[in-house]
1. Right, Val67: surrounded by 23 or more Cβ atoms within 10 Å (Cβ to Cβ), of a type in the set (A, V, I, L, M, F, W, C) and assigned to a loop (DSSP other than H, G, I, E, B) or not?
2. When both residues are 6+ apart or on different chains and their Cβ atoms are under 8 Å apart, which pairs have a first residue that lies in the range 103-131 and is at pLDDT 95 or above and of a type in the set (Asp, Glu), and a second that is buried (at least 19 other Cβ atoms within 10 Å of the Cβ) and outside any strand (DSSP E or B)?
3. Hey, among the residues in the range 161-192 that are among the small types (Gly, Ala, Ser) and part of a loop (DSSP other than H, G, I, E, B), which one's farthest from Met1 (Cα to Cα)?
4. Give the range 79-124 a look and list any residue that's part of a strand (DSSP E or B) and surrounded by fewer than 18 Cβ atoms within 10 Å (Cβ to Cβ), or say none.
5. Which one of these is crowded, with 18+ Cβ neighbours inside 10 Å and closer than 20 Å to Lys69 by Cβ: Ala142, Ala152?
6. Quick check on the range 267-296: of everything there that is small (Gly, Ala, Ser) and part of a helix (DSSP H, G or I), which residue is farthest from Gln53 (Cα to Cα)?
7. Which number in (1) over 22 Å from Val155 (Cβ atoms); (2) at pLDDT 95 or above; (3) not hydrophobic (A, V, I, L, M, F, W, C) marks the one condition that Pro288 misses?
Amino acid sequence: MAFASFTFDPSVGGSVVIVPETVSETEGPTLGDSYRTITNATVQSDGKATWQQGLDTALAALDRGAVEKVVLTRQVQVQLDHPPSTTAIASHLLASQPDCYVFAVDGLVGASPELLVSHREGVISSLVLAGTAPNVESLGSAKMDLEHVLAASSVRKGLAQYVTALDIPARTVLEFGEIKHLATRFEGPATNGSTVLDVLGTLHPTASVAGAPTKKALDLISEIEPNPRGRYAGPVGWFNSAGEGEFAIALRCGLVEEGKVTLYAGGGLVHGSDASSEFAETELKLHPMLQALGLE
């Protein structure tokens, strides 16, 4: 078995694959087991000005029809008084975000709600989350519907060659902590010889984290985001020699380095997206990691 955290842009170096000597399972912690407030923490940059500049460029591209959807990332730099423990952060996330995929791989730690692909016991599955709000009522707009349809369509097309049939239940709403998402699940029997890495290579990046059409959205992202995403929004999970594995998308996360943490939050933009609502969405998505760092 190996654990991996791949970059958002496959052409950029920095992916990590770790083969552990042993693997063990433990019961999940409680908040009291791991939570420790970090003192003298300073938000060095809230990322708002850079995000706003990118938003203006992205909305202009949407208005002229250059793309149907593009996902814009906001990066927040937090300076700390001492190097934080990724284990402590992950333990807090396990307790506070019990329905998410919690990960800590070479400094990248977070709690993602979105399953990119699972390939286990002959079954392939995926969960698409696109359309985000603090309440169910706000998920009923045409904007939310379009954002989700584009994301779900990209996953359906990506899975088609790797399953003999595809079960797609009705779209629903899933809740992860304070955040609610439009959600579509996909599941089907795997074709003979397919591996989780095969599926991964075809699916990533989905319209949930890049946009549509994919190539045009990626070109726009590289134009408007001055700081590379690194492993944020890339696949993170595990795989084994039998070709099985499970990968979430690295969301709701931060990169822990010496004395600082870079936090990431993104949101899908389509024609008609509203700047204030989109910024509020990034605030909502940053909260789990801020809380885990003790920065309410």
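1. Values: surrounded by 23 or more Cβ atoms within 10 Å (Cβ to Cβ): yes; of a type in the set (A, V, I, L, M, F, W, C): yes; assigned to a loop (DSSP other than H, G, I, E, B): yes.
For Val67, the condition - surrounded by 23 or more Cβ atoms within 10 Å (Cβ to Cβ), of a type in the set (A, V, I, L, M, F, W, C) and assigned to a loop (DSSP other than H, G, I, E, B) - is met.
2. Glu114/Ser208; Glu114/Leu251
3. Filtering the range 161-192 for residues among the small types (Gly, Ala, Ser) gives 165, 170, 177, 183, 188, 190.
Retained after the next criterion (residues that are part of a loop (DSSP other than H, G, I, E, B)): 165, 170, 177.
Numbers: Ala165: 28, Ala170: 34, Gly177: 31 Å.
For the range 161-192, the residue satisfying everything is Ala170.
4. Filtering the range 79-124 for residues part of a strand (DSSP E or B) gives 79, 101-105, 108-112, 115-120, 123-124.
Once the filter is applied, which keeps residues that are part of a strand (DSSP E or B) and surrounded by fewer than 18 Cβ atoms within 10 Å (Cβ to Cβ), the range 79-124 yields Gln79, Arg120, Val123.
5. Values: Ala142 fails: crowded, with 18+ Cβ neighbours inside 10 Å.
Only one candidate qualifies: Ala152.
6. Ala292
7. (2)
Rundown of residues vs (1) farther than 25 Å from Leu108 by Cβ; (2) not in a strand (DSSP E or B), yes/no style:
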residue	(1), (2)
Ser194	yes, yes
Leu197	no, yes
Thr206	no, yes
Ala248	no, no
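The values are calculated or read from the model by the stated rules, or taken from the named source; none is laboratory data. Please read all numbers here as calculations on a predicted model, not as lab measurements. Virtual Cβ from ideal backbone geometry, glycine too; neighbours counted across all protein chains shown.
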